[in-house]
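**Student:** Following this message is one structure expressed as structure tokens.
The values are calculated or read from the model by the stated rules, or taken from the named source; none is laboratory data. The structure displayed is predicted, hence computed values, not measured ones. Using ideal geometry, Cβ is built from the backbone for each residue, glycine included, and neighbour counts are taken over all protein chains shown. Surface accessibility is based on the protein's heavy atoms, side chains included, excluding ligands, DNA and RNA. Shrake-Rupley method; radii C 1.70, N 1.55, O 1.52, S 1.80 Å.
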Amino acid sequence: PPDAVERGKLELIQKCNDRIEKIVDHLREFSRAGKQEFSDIDVNDPIDNALMMTGQQLMDHGVTINKELSDNLPRISGDAGQLEEVFLNLISNARDAMDESEGDRIMTISSAYVEEDRIPYVRVTVKDTGMGIPEENMEKVLEPFFSTKPVGKGTGLGLSLCFGIIESHGGRLVIKSKVGEGTEIIILLPVKEAKEV
């Protein structure tokens, strides 16, 4: 009944069940993805899906998420499943980097329309307040099987896979990092049509 003490708990359980149902349905779709299937997509959709999949895990690790996604972005031609894989990898890397750092654990994920050299892009940025990447490793992080994680924690394929997927979308992946301050991954994906300004 509406005035029962346990009603709030039951409503919370219902919300959690709905979320679990969404995640399971999404995992089913995700697992069916094989070869690249390009379509016109809003880049915010795979970002939101990746955050839906990792949100609870990030909270469990004490990570605060700043989501700064621009509305009405021009569409890109892309494989939503593969782009989601990219964002899942980047979120996972950021989480691991912050696990080992002292201080606030803040992950900022943003999307925006930009033009570089008169070429229109959608820019996605994943920024963390983790340990940062030492300069001597910066050139190696995109190589397959390179990892600074302990044995059994990572394959060293995450960033190189991300790089390959973004390249196959005609985009670019840029890494900026400072030891002790954190890392910023910038992805530039070409848009179908320039946005009217």
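**Student:** Quick one: Glu115 ticks every box in (1) touching a His at 6+ places or on another chain (Cβ under 6 Å); (2) more than 23 Å from Thr183 (Cβ to Cβ); (3) not hydroxyl-bearing (Ser, Thr, Tyr) bar one, so which box is it?
**Tutor:** All conditions pass for Glu115, except number (1).
**Student:** Sticking with this one: Which residue pairs have Cβ atoms closer than 9 Å, lie 6 or more positions apart in sequence or on different chains, and pair a first residue in region 42-54 that is under 19 Å from Asn72 (Cα atoms) with a second residue that is hydroxyl-bearing (Ser, Thr, Tyr)?
**Tutor:** Val43/Ser111; Asn44/Ser70; Asn44/Ser111; Ile47/Ser111
**Student:** Now, a different point. Restricting the search to region 56-65, which residues are surrounded by fewer than 17 Cβ atoms within 10 Å (Cβ to Cβ) and part of a helix (DSSP H, G or I)?
**Tutor:** Listed by number, the residues that qualify are Gln56, Gln57, Met59, Asp60.
**Student:** Are there any pairs with C-beta distances below 6 angstrom linking a residue in region 59-71 that is polar (S, T, N, Q) to a residue that is open to solvent by 50 Å² or more (accessible area, probe 1.4 Å), with the two at least 6 apart or on different chains, and if so which?
**Tutor:** Thr64/Ile106
**Student:** Can I ask one more? How do the pairs read when you match residues in region 1-21 that are closer than 25 Å to Gln57 by Cβ with residues anywhere that are part of a helix (DSSP H, G or I), using Cβ under 9 Å and keeping only pairs 6 or more apart or on different chains?
**Tutor:** From region 1-21, the pairs are Arg19/Met52; Arg19/Gly55; Arg19/Gln56.
**Student:** Now for a separate question. Tell me, which helices (runs of 4 or more DSSP H) lie completely within region 74-188 with 1 or more residues that are farther than 25 Å from Gln36 by Cα and either open to solvent by 20 Å² or more (accessible area, probe 1.4 Å) or modelled with pLDDT of 85 or more (or both)? Give the steps one after another, and end with the answer.
**Tutor:** Working: elements: 80-99, 135-138, 158-168.
Once the helices (runs of 4 or more DSSP H) in region 74-188 are filtered for at least 1 residues that are farther than 25 Å from Gln36 by Cα and either open to solvent by 20 Å² or more (accessible area, probe 1.4 Å) or modelled with pLDDT of 85 or more (or both), what remains is 80-99, 135-138.
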